[in-house]
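Each remark here refers to the structure printed beneath this line.
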Amino acid sequence: MSTTPIFDAVPGLASITTIAALANPRRPRRLLSKTVILDAEIYVGSSLCESLLGALRFFNAFDLKLSAEPGLYLIYATFARMEADADVQSTVNAPSDYAFVRDLQWHLF
């Protein structure tokens, strides 16, 4: 579980508690911290949009082993709409594949 502080009301952000598929952990190029970026896929279930892909930062305080393979987790995240200049640093997906970015506050295995 992350020790990232929870922000209740930040302008421009929404929060969600849901089950998400997390995968593709990677370290940001410019940071030497315990921050990891994860791909998060959230099932929407609409015929117009079955799921949304996002890039969430996670402060890995306890050096958890994060698998590159997708796994289902209960998560709480704050997020914002993906902007064209957001650097998701993925080698798997194109930036245009992402719908949201921001912070993974906590997750349960």
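Taking the criterion of being in a loop (DSSP other than H, G, I, E, B), farther than 20 Å from Arg29 by Cα and touching a residue at least 12 places away in the same chain (Cβ under 8 Å), would at least one residue in region 48-57 satisfy it?
Initially, region 48-57 is screened for residues in a loop (DSSP other than H, G, I, E, B), giving 48-50.
Now narrow it down to the ones that are farther than 20 Å from Arg29 by Cα: 48-50.
Right, trim to touching a residue at least 12 places away in the same chain (Cβ under 8 Å) and you get none.
No, that holds for no residue.
From the set of residues in region 74-96 that are among the hydroxyl-bearing types (Ser, Thr, Tyr) and under 18 Å from Ile42 (Cα atoms), which is surrounded by the most Cβ atoms within 10 Å (Cβ to Cβ)?
So in region 74-96, the residues among the hydroxyl-bearing types (Ser, Thr, Tyr) come out as 76, 78, 90-91, 96.
Applying the additional criterion that residues be under 18 Å from Ile42 (Cα atoms) yields 76, 78, 90, 96.
On the way: Tyr76: 17, Thr78: 20, Ser90: 16, Ser96: 8.
Among those residues, the one meeting the criterion is Thr78.
Does Asp85 satisfy being on the phi > 0 side of the Ramachandran plot and over 10 Å from the mean Cα position of the chain (by Cα)? Show your work before the answer.
Numbers: on the phi > 0 side of the Ramachandran plot: no; over 10 Å from the mean Cα position of the chain (by Cα): yes.
No, not satisfied.
Can you say whether Ala20 is in contact (Cβ under 8 Å) with a residue 24 or more places away in the chain, of a type in the set (Gly, Ala, Ser) and farther than 16 Å from His107 by Cα, as far as the supplied structure shows? Steps first, please.
Values: in contact (Cβ under 8 Å) with a residue 24 or more places away in the chain: yes; of a type in the set (Gly, Ala, Ser): yes; farther than 16 Å from His107 by Cα: no.
No; evaluated as a whole, the condition is false for this residue.
If you scan region 78-101, which residues turn out to be touching a residue at least 24 places away in the same chain (Cβ under 8 Å), small (Gly, Ala, Ser) and either closer than 19 Å to Ala68 by Cα or assigned to a strand (DSSP E or B) (or both)?
Across region 78-101, the qualifying residues are Ala80, Ser90.
Considering (1) at pLDDT below 95; (2) closer than 20 Å to Leu13 by Cβ, say which one Glu41 fails and leave the rest.
The failed condition is (1).
The values are calculated or read from the model by the stated rules, or taken from the named source; none is laboratory data. Please read all numbers here as calculations on a predicted model, not as lab measurements. Every residue, glycine as well, gets a Cβ built from its backbone with ideal geometry; the counts of neighbours run over all protein chains shown.
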